[in-house]
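Here's the structure we're looking at; comments come further down.
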Amino acid sequence: MARVSMSAICVFIFIGDIAKADNNFLTGANDIIAVVDEDGDIKASPFNVQFGKKDIWLPRSGHVVSLEVNEKFVPVGMVLDDEGQAFFDGSSNRQYRFWSALLGLGNPSPIVRTNSATSSQLSRLGLQTGPNPIMYRVTTSSGSIVTTSAVIHLMNNTAKLVVSDIDGTVTRSNIRGMILPALGLSDWKHNGVVELYRKIANQGYQIVYLTNRAIGQSDMTREYIYSLTETPYKMPRGPVLLQVESLLGAFQTEVIKGQPEVNKIAALSRVKGLFQENPLFSGFGNKAWDILAYKALNINPDMIFNVGEDSILISEGTGIPTNYTNLIDRVSFMYPLLDV
């Protein structure tokens with residue numbers, strides 16, 4: 001037994017070490033929350049997008065990223081750094097140069113490097129209220145085209161958000177909930193979660209899926225969430241926000257360091273800052289760090305629910321256990337109908 005435990009420790013240490021290196025092997029992108037105010041100005045959460053070594057084996061810094069929103073090219077672009085992360089850098093007529101990239105000279109200037117679009121840039125995207133599909137496209141110097149997609153969710157500044165973790169909250173287990181869908185066993189979820197979330201969305205609330213999965217798992221994660229059904233209910237669509245680092249880095253954050261609340265608090269703080277008033281109405285999670293993050297963002301403790309593997313939910317404010325059937329029956333009371 002001691003030998004097995006020592007082996008596990010060695011594996012954790014090994015993963016922790018290599019996670020510090022550039023292990024952005026997969027390609028993916030976070031969804032974006034965009035908010036329009038009374039004057040028509042738009043603010044948005046970061047445009048987090050990563051092109052991995054799986055798709056671009058050449059040195060990645062300096063590759064130009066073109067944007068397509070609602071199936072139309074837009075006059076806004078980004079550029080990759082040497083880790084495959086995309087940034088707005090303010091440069092025009094930029095071209096990829098292999099030797100500059102190889103020598104690390106193709107990175108966006110740190111002075112103007114940002115993944116946050118300006119209000120002017122956002123105004124040129126042709127956004128419409130609701131979901132706006134966005135495609136990021138890179139043409140490599142070898143002539144191949146690599147793309148990844150996400151969704152920009154445009155909402156008004158009075159919207160109310162319900163935040164949900166995924167693994168262990170939508171799924172019944174953190175580890176099995178991540179592995180089994182990849183094997184085609186996609187129904188490892190809490191019975192009642194789809195009906196509950198759909199009925200909450202029908203009351204006018206926007207569901208936000210927040211996870212410490214790595215951004216390279218974005219496509220798989222969206223496909224999994226939106227594949228869930230409980231006849232006649234389908235999982236409501238909403239922004240899917242993942243951790244902006246490699247798969248190994250995400251594993252290190254959640255399992256080895258055990259401090260995933262830091263990332264969740266940071267992500268929710270950015271979202272909260274887009275609105276005039278706190279938009280965060282309720283939160284569902286299954287770990288102490290989920291609850292800590294929700295409380296740190298001033299969500300009413302009575303509307304924070306800790307989800308057990310047995311599908312029992314406990315209100316952080318009252319301490320009273322409940323279940324999905326109970327919450328479904330009380331949706332109209334707990335989530336009053338919004339005028340949207």
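The values are calculated or read from the model by the stated rules, or taken from the named source; none is laboratory data. These figures come from a predicted structure and were not determined experimentally. Every residue, glycine as well, gets a Cβ built from its backbone with ideal geometry; the counts of neighbours run over all protein chains shown. Keep in mind that these areas ignore ligands, DNA and RNA; they rest on the heavy atoms of the full protein, side chains included. Shrake-Rupley method; radii C 1.70, N 1.55, O 1.52, S 1.80 Å.
If the requirement is being hydroxyl-bearing (Ser, Thr, Tyr), open to solvent by 60 Å² or more (accessible area, probe 1.4 Å) and either modelled with pLDDT under 95 or more than 19 Å from Asn263 (Cβ to Cβ) (or both), which of these qualifies: Thr158, Thr211, Thr221?
Thr158 is the lone residue from the list that is hydroxyl-bearing (Ser, Thr, Tyr), open to solvent by 60 Å² or more (accessible area, probe 1.4 Å) and either modelled with pLDDT under 95 or more than 19 Å from Asn263 (Cβ to Cβ) (or both).
Looking only at region 268-278, which residues are under 17 Å from the mean Cα position of the chain (by Cα) and either open to solvent by 20 Å² or more (accessible area, probe 1.4 Å) or more than 30 Å from Gly40 (Cα to Cα) (or both)? Working first, answer last.
Applying the first criterion (under 17 Å from the mean Cα position of the chain (by Cα)) to region 268-278 yields 268-274.
Answer for region 268-278, where residues must be under 17 Å from the mean Cα position of the chain (by Cα) and either open to solvent by 20 Å² or more (accessible area, probe 1.4 Å) or more than 30 Å from Gly40 (Cα to Cα) (or both): Ser269, Arg270, Lys272, Gly273.
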Checklist line | Arg113 vs. criteria modelled with pLDDT of 95 or more and surrounded by fewer than 20 Cβ atoms within 10 Å (Cβ to Cβ) | finding: no
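Could you check, for region 133-145, whether at least one of its residues is among the polar types (S, T, N, Q) and closer than 21 Å to Ala267 by Cβ? Write out each step before concluding.
Kept after step one, since they are among the polar types (S, T, N, Q), are these residues of region 133-145: 139-142, 144.
This time we only want the ones that are closer than 21 Å to Ala267 by Cβ, so: none.
Looking for residues that are among the polar types (S, T, N, Q) and closer than 21 Å to Ala267 by Cβ, one finds none in region 133-145, hence no.
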Notebook entry, point to check: Does region 26-62 hold any residues that are within 12 Å of Val151 (Cα to Cα), touching a Pro at 6+ places or on another chain (Cβ under 9 Å) and part of a strand (DSSP E or B), and which are they?
Noted result: Ile32, Ile33
Checklist line | Where Ala101 falls short, out of the listed (1) modelled with pLDDT under 60; (2) open to solvent by 40 Å² or more (accessible area, probe 1.4 Å) | finding: (2)
Next item on the list: Report the residue count in region 279-296 for those that are under 17 Å from the mean Cα position of the chain (by Cα) and aliphatic (A, V, I, L, M).
Entry: 2
Notebook entry, point to check: For Tyr335, are the conditions met, namely being touching a helix residue (DSSP H, G or I) at 6+ places or on another chain (Cβ under 6 Å), under 19 Å from Leu161 (Cβ atoms) and either of a type in the set (Val, Ile, Thr) or in contact (Cβ under 8 Å) with a residue 40 or more places away in the chain (or both)?
Noted result: yes
Checklist line | Which numbered condition Val76 misses (of (1) modelled with pLDDT under 95; (2) part of a strand (DSSP E or B)) | finding: (1)
Note to self: Quick check on region 250-273. Is at least one of its residues modelled with pLDDT of 95 or more and in a loop (DSSP other than H, G, I, E, B)?
What the structure shows: yes
